[in-house]
Amino acid sequence: MDPIADFLTRIRNANSKGKDRVDIPFSNIKFGIAKILKEEGFIANHKTLQENKKTVLRVFLKFTPEKGTVIQGIRRMSRPGLRVYRSYSEIPKVRGGAFGVSILSTPQGIMTDAQAKEKKVGGEILCQVW
């Protein structure tokens, strides 16, 4: 029902099982979230593939040298039954602001909480990652 929640759950499950990669059905919003996760250092890489006439987003997970997980937690904030919109001045900090990032869908595209505050644009808070 909720493709973003499915995307986050697949990453969370693969991360907890220690998998190197996870395949997810492609959409532009999932690609935007994966791009931000890579920029922020939460995943190693991502790429799109064609498999059986369907486009798949392959996400390569990142681990510490001791095989610990880089992603400690992922939380879906806005959902189909309860949308969460905030102006740029009301965007909440994740774990004190130093350890996590909020990912927003804004009129200027998918961006992090820091980018949204810098550009002074609000939007829908999709998820938080720490």
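Just so it is clear, none of the values below were taken in a lab; they were calculated from the coordinates. Everything quoted here is computed from the prediction, not taken from an experiment. Virtual Cβ from ideal backbone geometry, glycine too; neighbours counted across all protein chains shown.
What to note about this one:
- Amide proton proximity set for Arg79, modelled H, under 5 Å, gap of 5+: Val84
- Kirkwood Rh (inverse of mean 1/r, distinct Cα pairs), segment 35-91, angstrom: 14.3 Å
- Under 16 Å between alpha carbons - lysine pairs in segment 3-129 that sit 8 or more apart or on different chains: 14
- Taking 7 Å steps out from each Cα toward its Cβ at Phe63 and Glu118 produces label points 3.2 nm apart.
- For segment 62-127, GluC sites (Glu not before Pro) are listed when DSSP marks them as loop and at most 16 other Cβ atoms sit within 10 Å of their Cβ; the list is Glu66.
- Taking each residue as 0.36 nm, the span from Ala5 to Arg83 lengthens on full extension beyond its C-alpha to C-alpha distance by 26.8 nm.
- In a DSSP loop and with at most 10 other Cβ atoms within 10 Å, there are no chymotrypsin sites (Phe, Trp or Tyr not before Pro) in segment 13-105.
- Of [x] 41, 38, 25; [y] 54, 27, 23; [z] 51, 39, 27, the label for Cα extents along the principal axes in Å derived from the coordinates: [x]
- GNM flexibility winner over the chain from Lys30, Lys38, Lys54 (Cα, springs under 10 Å): Lys54
- Separation in nanometres of the label points that stand 7 Å from Cα toward Cβ, at Phe26 and Glu90: 3.7 nm
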